[in-house]
1. Of everything in the stretch 175-217 that's basic (K, R) and surrounded by fewer than 13 Cβ atoms within 10 Å (Cβ to Cβ), which residue is nearest to G142 (Cα to Cα)?
2. Criterion first (part of a helix (DSSP H, G or I) and not small (G, A, S)) does T152 satisfy it?
3. Please work out which residue is surrounded by the most Cβ atoms within 10 Å (Cβ to Cβ), limiting yourself to the stretch 218-238 and to residues that are without any contact (Cβ under 8 Å) to a residue 24 or more places away in the chain and of a type in the set (V, I, T).
4. Answer yes or no as to whether R92 is assigned to a strand (DSSP E or B), assigned by TED's automatic domain parsing to the domain that holds A167, under 26 Å from the mean Cα position of the chain (by Cα) and more than 25 Å from V252 (Cβ to Cβ).
5. Check the stretch 79-97 and report whether any residue there is among the aliphatic types (A, V, I, L, M), at pLDDT below 85 and loosely packed, with under 13 Cβ neighbours inside 10 Å.
6. For residues in the stretch 121-138 being assigned to a strand (DSSP E or B) and of a type in the set (D, E), which is surrounded by the most Cβ atoms within 10 Å (Cβ to Cβ)?
7. Can you tell me which residues in the stretch 254-267 are in a helix (DSSP H, G or I), over 26 Å from the mean Cα position of the chain (by Cα) and free of Cβ contacts under 8 Å to residues at least 12 places away in the same chain?
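The values are calculated or read from the model by the stated rules, or taken from the named source; none is laboratory data. No experiment lies behind these values; they were computed from the predicted model shown. Cβ coordinates were reconstructed from backbone atoms using ideal geometry, including for glycine residues, and neighbour counts include every protein chain displayed.
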Amino acid sequence: MELLAEYGMFVAKVLTLVIATLIVATTLVNLVRSQRTDPGQPGELQVRHLNADLEQAALTIRSAMMPAKALKTARKKLHSRLKRGPDESRRRIFVVDFHGDLRATALGSLRQEITAVLSVAREQDEVLVRLESGGGQVHAYGLAAAQLKRVTDREIALTVAVDKIAASGGYLMACVANRILAAPFAIVGSIGVIAQLPNFNRLLKRHDVDFEQFMAGEHKRTVTLFGENTEAGREKFQQEIEEVHGLFKDFVKTHRPKIDLDPVATGEYWYGSQAVERGLVDQLITSDEYLMKASEEAELFQVRHAGPRPLLARLIRQGSDGLARAMESFR
């Protein structure tokens, strides 16, 4: 009997090893196939019901203050309410986060998120963008602002909340909204344009290095890193910057017509309380406070487009899923 028991354990171990090997092999094959058929790996859309998160957090705090019997009853009620799901009769607020860098690399996710929201949003719904950016490339932030304008073009309320900073290109995006919220010390404004570059021409001359540049078109290149800049080139470049600044001011004036533009279009920035006085912001409130109040009469959904997972992360995820399915089959 002992021999049979040992033999059974040996077979079980071998079987487990074989199954684990098959899972790993299958996962690797699937990953290779997915890389071949879809090298772009578009990522996935993630949606969280924030009302449920708030209720869970509140119950966690109350659990330290309630007797065991009352806590058990409260948990049952919450479980029952969450099981019913969101109330479809209430208006919905879709929460989107945008954290911008100089190249507005979060633009790709923003496009996906706005498209997804617009596919389900109703007239009574609202889109809240929690925006954080100090600005960057003009064309990138211009496209980001255009993505937000898609919401207002559909006559759906758009609110932008600034907890830290929305300056330059960040404010270009924010001013599209029907309403701008800001924390008291959030940085807002910087309606201006800046361009700067070093010039190495004298250094090259000092080391007897020639720099040659060929152009077709008088203003194809106005200033350069390595050539000798001319006054005419500098004047043309400054003219181009002024034109971009003019477009920026016109854009702000179009979307916030009541603002007194000249005093705020100097490139300066202001803190939240100062920005309210100048018409750059409509209300002093943090996004957290705004959402907590809104949860009393609306269903809140955070929408996030997650980029493709790194290969190792996808390998671990698929391997763990496969192992879980295999273990489930033994039950």
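1. R202
2. yes
3. My answer is T222.
4. yes
5. Looking for residues that are among the aliphatic types (A, V, I, L, M), at pLDDT below 85 and loosely packed, with under 13 Cβ neighbours inside 10 Å, one finds none in the stretch 79-97, hence no.
6. Here the answer is E126.
7. Scanning the stretch 254-267 gives a single hit, D262.
Conditions tested, residue by residue: (1) of a type outside the set (A, V, I, L, M, F, W, C); (2) under 26 Å from K149 (Cα atoms); (3) touching a residue at least 60 places away in the same chain (Cβ under 8 Å).
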| residue | (1), (2), (3) |
| --- | --- |
| L54 | no, no, yes |
| S63 | yes, no, no |
| L71 | no, no, no |
| R75 | yes, no, no |
| H79 | yes, no, no |
| G85 | yes, no, no |
| V95 | no, yes, yes |
| L102 | no, yes, no |
| E126 | yes, yes, yes |
